[in-house]
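Below is one structure. I have some questions about it.
The values are calculated or read from the model by the stated rules, or taken from the named source; none is laboratory data. None of these values were measured; they are calculated from a predicted model. Note that we place each Cβ from the backbone using ideal geometry, even for glycine, and neighbour counts take in every protein chain shown.
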Amino acid sequence: MADRLYLSLWYPNFRLEGLPGALSGVLRQFAVIGNKRVSAASAYPIDFTEAPTYQRIYVEPRTGPAETAPTDLSSEATDSAIEAAVAEATEQLHDDMAYEFEMRWQLWSPEQPDPNATRFGALAEDDSDVDPDLEAPDTDWKLRPHVVRFLGFGPRFDTAGYEQNGHILVDFGLDTPWIMDENLSDDTLDRTAQTHIQQNIEKLLAFTLLVEKNCGISSRLLWTESGEPLAEKLIARLQRVN
């Protein structure tokens, strides 16, 4: 069964005023591997049952006929830059708020990603960052956009939820791109599938190591919603694809 995958991050001597900088730091590490800009941002008061007090969805600049192109691409692109998006969303910084940012990265998948991965409706496929030479023309495997959500918690949000979830929580969505248990049996793990699953795992581990090296965290935890040990699942999958 597919499971949600998270990365919890804790910082030493953490203060609320340090939250925007910590969020920007994590997003910058993600941008090394994934999309360079924020696609959506929100701010939630009290807990996630409350309506957001701030919400913005950024329009991806696209090329096309001049008459069909958005008229304010330069402004939109500037606003969706990491530092600008974080500064705008956290302008009203309160200790009972959570601040959420969505970014995307390309992962190998034999099918379309779950449209419910984002809070803001269906996930449109974006091939702008895909190298066509990397695609596998003889299979359904393709580099597809997957949403990753980054949440920074004030100390009083959801009754000090940061103690369990981290000062910053990274929500990778379903673990299907790394485990593929529901989609592929061992009999169908051909060489192409083996290569792409391993590449997805390497990308996940690379981001985790970048955060550990560059973000000044005191501890981290990669975990699943069900509580099943992810390390064991990844080791088992790697053993099956090697």
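If the Cβ limit is 7 Å and pairs must be 6+ apart or interchain, which residue in segment 198-226 that is closer than 14 Å to S8 by Cα and touching a residue at least 12 places away in the same chain (Cβ under 8 Å) pairs with which residue that is surrounded by 14 or more Cβ atoms within 10 Å (Cβ to Cβ) and hydroxyl-bearing (S, T, Y)?
Correct list of pairs: G216/Y11; I217/Y11; S218/Y11; R220/S8; L221/S8; L222/T208; W223/Y6; W223/S8.
Considering only segment 158-177, I want to know if a residue exists there that is aromatic (F, W, Y), at pLDDT 90 or above and either more than 14 Å from the chain's Cα centre (by Cα) or more than 25 Å from A40 (Cβ to Cβ) (or both).
Within segment 158-177, the first condition is being aromatic (F, W, Y), and the residues that meet it are 162, 172.
Among the residues that remain, those that are also at pLDDT 90 or above are: 172.
The next check asks that each one be either more than 14 Å from the chain's Cα centre (by Cα) or more than 25 Å from A40 (Cβ to Cβ) (or both); those that pass are none.
Within segment 158-177, none of the residues are aromatic (F, W, Y), at pLDDT 90 or above and either more than 14 Å from the chain's Cα centre (by Cα) or more than 25 Å from A40 (Cβ to Cβ) (or both).
Given (1) modelled with pLDDT of 95 or more; (2) in contact with an Asp or Glu (Cβ under 8 Å, 6 or more places away or on another chain), identify the lone condition not met by I82.
Failed condition: (2).
If a residue must be assigned to a loop (DSSP other than H, G, I, E, B) and either of a type in the set (G, A, S) or in contact with a helix residue (DSSP H, G or I) (Cβ under 6 Å, 6 or more places away or on another chain) (or both), how many such residues does segment 22-57 contain?
Filtering segment 22-57 down to residues assigned to a loop (DSSP other than H, G, I, E, B) leaves 34-36, 38-39, 46-53.
With either of a type in the set (G, A, S) or in contact with a helix residue (DSSP H, G or I) (Cβ under 6 Å, 6 or more places away or on another chain) (or both) added as a condition, the list becomes 34, 38-39, 51.
Residues flagged as assigned to a loop (DSSP other than H, G, I, E, B) and either of a type in the set (G, A, S) or in contact with a helix residue (DSSP H, G or I) (Cβ under 6 Å, 6 or more places away or on another chain) (or both) within segment 22-57 amount to 4.
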